[in-house]
Amino acid sequence: MRDVGVVFLMYHELEMPGRPMARNEPGYMRYVVRLPDFRSQMELLQRRGWRGVSVGDTLGAFAEKTVAITFDDGCESDLLYAAPILRDLNFSATFYITTGFLGKPGHLTQSQVRELSGLGFELGCHSMNHPYLTDLNDTDLHREVAEAKVQLEQILGKGVQHFSCPGGRYDGRVADAALKAGYRTVATSRIARNFSTSAPLNLGRVAVMRSTSAETFQRLYQGHNLWRMRLQVQIREAVKKLLGNSSYDHLRSILLRDRSS
Ligand SMILES: [Zn+2]
């Protein structure tokens, strides 16, 4: 039997006109998808006979014509905008929560996280304070991966099995910490489809960006031309390595500012 490759889509906050965003700097807004675009993307999947599923669903069966839908950060738009659209289409999804953001402007509250879970969606952990995990010492890494898991489990009253890496920063130490903490999977920002044979502690994901056109989205969810996106990222990573994380972020903010002005 052919091993089916499933794309894991990565979303962040969704923008509803007239409603303030959790953050609004250009680097953040690049990942904020407009609500009508998100709706069109989900409806396109359904029209084509595809189904949006959670990470846990995917692990259960890497099925043809399925795409895993994931959201990072725990924004309020998860519950207010994404959930109703997904439910209308009978799709599922995994929402990764940054526990330290709960209750902050634009983010879910503890009771809203329970509400999402109660609607049948899968909840995962996206650290406590959203640092780049690869920059942390052992104590801080443990807090962000293991203690954040316990925190979220206490809020939900049930186990949390899935983790996603803030800013996509990932290495072997992160995988070890997640394994020790008892996670079943770690989702990264490595641009790749996942197969039943893929390492569960290093699952690829493909970001849907604000600028993702309908044409690009059609290639994306089917896993077409991912090599091209990978190449762009490799070039970016090379620059990042040359500069270090903080200089890179600084440079990026200057470049994005110039572009948007
Ligand atoms: Zn994040």
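Every number here is computed from the coordinates shown, using simple stated rules; none is lab data. Since this is a predicted model, take the numbers as computed values, not measurements. Glycine also receives a Cβ, built like all others from the backbone with ideal geometry; neighbour counts cover every protein chain displayed.
A few points about this structure:
- Positive dipole terminus of the chain, leading residue within Pro20, Leu102, Gln218 (C-beta point charges): Gln218
- Cα centroid separation, region 203-261 to region 1-43 (Å): 14 Å
- Mean residue ellipticity (222 nm) of the chain, computed from DSSP H runs ≥ 4 via -39,500 (n - 2.57), nearest 500: -11500 deg cm²/dmol
- Once the chain from Ser40 to Glu215 is taken as fully extended at 0.36 nm per residue, the excess over their C-alpha distance is 61.8 nm.
- In loop segments of region 35-135 as defined by DSSP, the GluC sites (Glu not before Pro) with at most 12 further C-beta atoms inside 10 Å of their C-beta are Glu64.
- Overall form of the chain per C-alpha gyration tensor (a/c, 1.5; a/b vs b/c): rounded
- Annotation: extensible slack from Asp3 through Asn24 equals 3.5 nm (criterion: 0.36 nm per residue apart, minus Cα-Cα distance).
- At full extension, Gln154 and Ala238 could sit 26.2 nm farther apart than now, given 0.36 nm per residue minus the alpha carbon distance.
- Charge dipole of the chain (Cα centre as origin; +1 on each Lys and Arg Cβ, -1 on each Asp and Glu Cβ, all else neutral): 700 debye, rounded to the nearest 20.
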